[in-house]
Every structure is written in C-alpha cells, then in structure tokens.
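> Handing you this structure, nothing more for now.
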Amino acid sequence: MLTRTAYEDSHLSLWLRVRTFAMPPTVIETATARRHAGDWAGACAAAGVDVELTPRAVARRHGRELADQVRADLRRLAPDLLRWHLPRVAPDGLLRPGLTVPLARYVTDGRDGRASPHLVVRTPPAWAAGGQRLSLALWHGAEPEPAARRHPHPRPSRRFRLDLHRHLWDAERAHELRTRAGADRQPEEGRLVPDPAERWPAEARILLRAEGRPSGSVAARCAARQWLVLDLDGDAPPGVRIATTPTDGRGTTLPMLPEAAIRPLPDLELVRAGLIEVDRLHPLVASALAPDRPPSDPPPPSDPPSPADPARQARLVECRGARHRIGLVDGTLVPLDHDPDEIRREELLAALGGIPLPCLGAVHEAHRRPDQLAAVRERLAHGDTAGALAVVEGLLGPAALLPGGALRDELEAAARRRVDHGLFRAGLAGPGPGRVLLPGRPRPDGHRTRPRHAR
C-alpha cells in the first residue's frame, strides 16, 4: 500500500474544509424545495446566484425556440449543485475568481456571424468576491451588455466548461456522476480513486462529437506548459504524446479537455479516504455515488449550536479564588455569580482604567475573540453570513454589543467585501472609465492611475 504524500493530505484537507463550510445544509434544502416547486429564480436566490437574464428578453433577441431551450435548462438547473462542483482555489477553498463557465451551448442559424449563445455562470474577480456570489447570464456571442463588459474574462472558458458535464449542474442528469467520475470502478492498490486518465479517451470522444469531428486530437493540460495530446481514430486505442503547446503540427489549436474531465472527483476521494460520510454530501451527489444506500434524513445544520451545546451552557471562570459562572441571560452573556450593582461598579472601575473582575474580563474577551472565531471566519469567507451570525449569537447572545476586537474586525471586513461586490455589479468600482477605486482596497489587475499615453 503506497503512503499518501503531503500534497494529497493538503488537497483532501482543502476539500474537507470546503464541504464543511461552503455549502450549509439549510441552503441546499431551501434551494431544493424551491426548485421542486418550479421556482428556478427562487432556487438561484437561495444558492447565492444573481440572475441576469429573462426568457422573455432571450425570445426578443434570439427567437422563441431558443428561449424555450433556455427556459427548459433553467428549470433543470440545480444552483446549489452547480456551486458544489465549481472549481476552487487554495488555500481557503474559495471559488476560482474571474471565471465565465459555460453550462449549455445553443445552436443558431449563424446568419449574424456571431458565435453560438451560451448559458454561463460567472464568478467575480478576487477583489469583488465578497459573499462568494455567482451570476447567471446568457452570452450572446458578442458582449454589448454592461455586466459582461465589467467582467475580466467575459467569454466562455475552454478549460472550465461544464456544457459537456451537465451532471454537475443538471438535476435530471446528476445520476451520471457515478459513471463519469469512475465511481463504478474499484481503485487499484495505493490509490484513493481510479486514475481519471483511464476515462480520458471516452471524455475526448465526447468532446470531439460536440465539435462535430468523428476523430482527431485532443489536448489535456497536465501542468504549466505541459500538455498530453490524445490522437483518436475511431475505436482504436488512442495515441499519446507530450507537447508544450495545445496545437497540432500546423499550429492549429486543439480542442481542450476541460478540468471536469481531467481531475478526480474530490467527494469520491474524501469518502474513500474515510474523511467524510456519504450522508454529509450533497443529496444528488450522495444518490449518484451510493445509489443502493437507504434513504436517510438530511444532516442537521451545523451553524447554530444546539441547546445542549456547551456554548449555551454556563462556562466556569476562576474569579477571586472561587469558580464562577458566565452564561446567557435575556440574550446577553453576563456573569451569573455577581449581583447587578457589583457588575456596574466593576464596569465603571474598568472604564476608568482599573483591573476588571476576572468574570468581566472573560465576558469581554469572549466578545472580542470568541472560542469559535475560526469557524466564524470560515463561514464569512465562504459567504455564509447567516451561519456566522448564528454561531456568534449562540456564543454571545442575540443582544450582544461587540466592542473593538478580532470578532468585530472580521464582521466589518465581511460587510466591506459585500459592499465591494455590490459596487462591482453596479459598475461603480474597478477598472474602467467612470469607476472609482475604494480607499484601502486592493487595486484591480490592469488598473492604471493615468492613461497609457500620459507623460
């Protein structure tokens, strides 16, 4: 049995953090309920997806037939499943910024000379990614709409495309995940999952059929400036060669295998490594990977502490030679073994520069830096503001007033990041004419303080 490398451990730790904090069960349940009710826009709102298209506008621009296709795809869209499978980046496991991921490509007559329309989902640039929100739009082949002009990469990505992997966002085809991810094959000794390269020929043929080619060559990106080229001719075994560019001998760019076809499924790795139970996965993913398992209730939300949680029980503090308690009373964390008059005197003494009671010091420290600050920070980074506030209220009470400290700094920073995202969507911040750079924010890539020709 081969030992796992440090890279594999860090890779699995990253995805375990993502599965723990990035998709709260309450979000999945709400989005699923609205999708089952036929409210695709409500499902998108529950999953943090901003919709920038309407079927009526699509019909005016492209005709009723294409609008019907878009409407059918929107009804099948599971936005929570899409968010579950979108690419992420280390070290925090946040959504890969600045992407335009195609979900579906529609065939038109091509009379206007433009490329085929695509249903796409976009991630904002890193400086405006507060809240980890997505936007759903239709790319028309040209980009006159303001939302596309604001985006750093408005054209559909060739590397991160999902139009050939509808099982990663289409609820009606989610069952295909088991075969496409190789979950129906047993891994060899020393592997957590079957080598995804075993499916590359089949994925390459899917790609060639989508391009209208019966045979040809397909490039797969293995590393920076390193490509694996598969030469396919019918059902014969593919020829394999290494190249530094994804081109053929004449310099023509080859079709590219998307990342969804190249990389192993992280959920399968986590399950087979024993780091996560199938029941903790997205319900559609769990049903695909373990179709024979008996149905079970959804996992309980991990956001607010339960009444039996130690966070809601009285905590003990060494105070003046005795063990005192602090706990929640009427929604506020207070010392329980001191009368109100003594608390008022001690608070006044502390305000004048004196040394406060250890019980008061413990309360103030809990407000500034609670025990679960790391969990609050993780939830805020992944856009789960409701979950983060539920943890804070469970620790400090809903009526707590936060003084200056690490916890308040995290909450204020998260609020500023959400404001940045709103300004980006409105076109009021970022690079470009008529937009401003907010003070204290990172400068967006490509921004210039003066025109290129200025002296």
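> Alpha carbons only, please: Rg and Dmax for the stretch 364-428, in angstrom.
Using the Cα atoms of the stretch 364-428, the pair Rg, Dmax is 12.7, 41 Å.
> Could I ask something else about it? Rg to Rh for the stretch 27-130: what is it, with Cα atoms only and Rh by Kirkwood?
1.01
> May I ask you to compute the full-extension gain from Ala37 to Arg159, defined as 0.36 nm times their residue separation minus their alpha-carbon distance, rounded to one decimal in nm?
Once the chain is fully extended between Ala37 and Arg159, it gains 40.5 nm.
> If a/c stays under 1.5 just call it rounded; otherwise compare a/b with b/c (prolate if a/b is bigger, oblate if not). Do that for the stretch 139-263, with a ≥ b ≥ c from the square roots of the Cα gyration tensor eigenvalues.
Details: a/c = 1.79, a/b = 1.23, b/c = 1.45.
In terms of gyration-tensor shape, oblate.
> What spacing in nm lies between the two simple spin-label points modelled at Arg213 and Asp337, each 7 Å away from Cα in the Cβ direction?
For the pair Arg213/Asp337, the computed spacing is 7.7 nm.
> Where in the stretch 337-392 are there GluC sites (Glu not before Pro) that are in a DSSP coil and have at most 14 other Cβ atoms within 10 angstrom of their Cβ? Walk me through the intermediate numbers first.
Working: sites: Glu342, Glu346, Glu347, Glu365, Glu378; in loops: none.
In loop regions of the stretch 337-392 (DSSP not H, G, I, E or B), there are no sparsely surrounded GluC sites (Glu not before Pro).
> Arg345 to Arg325: extension gain in nm, 0.36 nm per residue of separation minus the Cα-Cα distance?
Details: separation 20, 0.36 × 20 = 7.20 nm, distance 1.86 nm.
Full extension from Arg345 to Arg325 adds 5.3 nm.
> Let me ask another. With every protein chain kept in the model, how would you rank Asp163, Asp231, Asp68 by accessible area, 1.4 Å probe, largest at the top?
Asp68, Asp231, Asp163
> Pull out the extension gain between Glu176 and Cys222, defined as 0.36 nm times the separation in residues minus the alpha carbon to alpha carbon distance; nm, one decimal. Working shown, then result.
Working: separation 46, 0.36 × 46 = 16.56 nm, distance 2.48 nm.
Result: 14.1 nm gained on full extension.
The values are calculated or read from the model by the stated rules, or taken from the named source; none is laboratory data. Because the structure is predicted, anything quoted here is derived from the model rather than measured. Positions of Cβ are backbone-derived with ideal geometry, glycine not excepted, and every protein chain shown enters the neighbour counts. These area figures cover heavy atoms from the full protein model, side chains too; ligands, DNA and RNA do not enter into them. Shrake-Rupley method; radii C 1.70, N 1.55, O 1.52, S 1.80 Å.
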